[in-house]
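Beneath this line is the structure, given in structure tokens, with notes to follow.
Since every read-out is calculated from the coordinates, none of them should be taken as a lab result. It should be emphasised that the depicted structure is a prediction, and the values quoted were computed from it without experimental measurement. Because the Cβ atoms are built from the backbone with ideal geometry, glycine has one as well, and the counts that use them run over all protein chains shown.
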Amino acid sequence: MIATSHDPASAGHSLSNGAGWWKYASPHAAYFAIGRLLPWLLASGIGVLGLGLGIGFLVAPADHQQGEVYRILFVHVPTAWVAMVVYVAMAFWAGVGLVMNTRLSFMLMQALAPTGTLSAFLCLWTGALWGKPTWGTWWVWDARLTSVLILLFLYVGFVALQSAIDDSQRADRAGALLALVGVVNVPVIYFSVKWWNTLHQGASISLGSAPTLAPDMLLGLLASALGLWLLAIAAVLARLRCVVLERERHTGWAARVAEGAA
């Protein structure tokens with residue numbers, strides 16, 4: 001007779017080998033995996049962002065044209081990158097949810113939206129702080145600025161639409177359609193300085209050419225961007241855990257977790 005093991009660790013190892021990463025498509029498995037990952041993301045994000053801002057504001061030299069005011073770009077540029085890529089990610093998971101009907105995809109789509117909204121707002125706000133001394137005005141109806149403003153409206157519209165619909169399945173599908181339609185605005189933002197004659201300066205970092213920044217400036221910008229990305233991912237995943245608990249509250253495991261946290 002062959003003995004069979006019912007050891008949970010052994011079963012978990014077998015599941016990992018057989019199902020791979022697909023097991024994390026389960027809200028239950030994703031919730032606890034994220035809980036283990038969050039402290040590392042938060043600590044590394046705070047550390048790397050602090051390093052980047054320290055280099056940008058204390059070490060990097062002043063710009064020969066803009067002087068000290070250019071330093072706002074160490075916040076402005078990373079928030080712009082996050083705002084655009086988060087919307088693309090939101091549209092991606094919206095598409096996955098519609099095609100594969102996976103609950104976690106819609107939950108992740110919902111969790112991404114507030115981080116994207118805040119990033120788009122910070123991008124516009126820091127851009128205004130840079131534009132006043134540089135252009136002499138807080139705002140111009142420039143192609144880049146206008147398309148980012150549209151991105152902010154898309155984020156706010158997505159959040160408002162999902163909040164206005166009580167049925168979660170209908171809210172998911174309506175939000176997913178809005179996310180997929182609105183994603184066409186992202187390439188407009190990116191290419192606006194090439195397609196139209198705008199006041200906004202071109203990209204200082206491009207895959208097709210060498211950076212135009214001094215080494216200290218480049219290091220500070222990249223470190224700030226990486227740190228902000230880590231914090232953005234941590235915020236999205238922390239919010240995802242809240243969404244999972246809210247939507248899975250009818251299950252036994254979610255009820256036990258909620259009772260333990262109360």
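Just want to confirm a number: the relative contact order over the range 116-159, from Cα pairs under 8 angstrom separated by 6+ residues, in percent.
Relative CO of the range 116-159 lands at 48 percent.
How high is the relative contact order of the range 72-151, in percent, with contacts defined as C-alpha pairs under 8 Å that are six or more residues apart? Dividing the mean separation by the residue count of the range 72-151 yields 35 percent.
All other residues whose Cβ lies under 10 angstrom from that of MET107 are scored, Lys and Arg at +1 and Asp and Glu at -1, for a net of +1.
What does the charge dipole of the range 102-194 about its Cα centre add up to, to the nearest 20 debye, if the Cβ of each Lys and Arg holds +1 and the Cβ of each Asp and Glu holds -1? If you can, show how the numbers build up before the last one.
On the way: 6 positive and 4 negative charges, 44 e Å.
Dipole about the Cα centre, nearest 20: 220 debye.
What you get for the range 37-195, charging only the Cβ of Lys and Arg (+1) and of Asp and Glu (-1), is a dipole of about 140 debye around the Cα centre.
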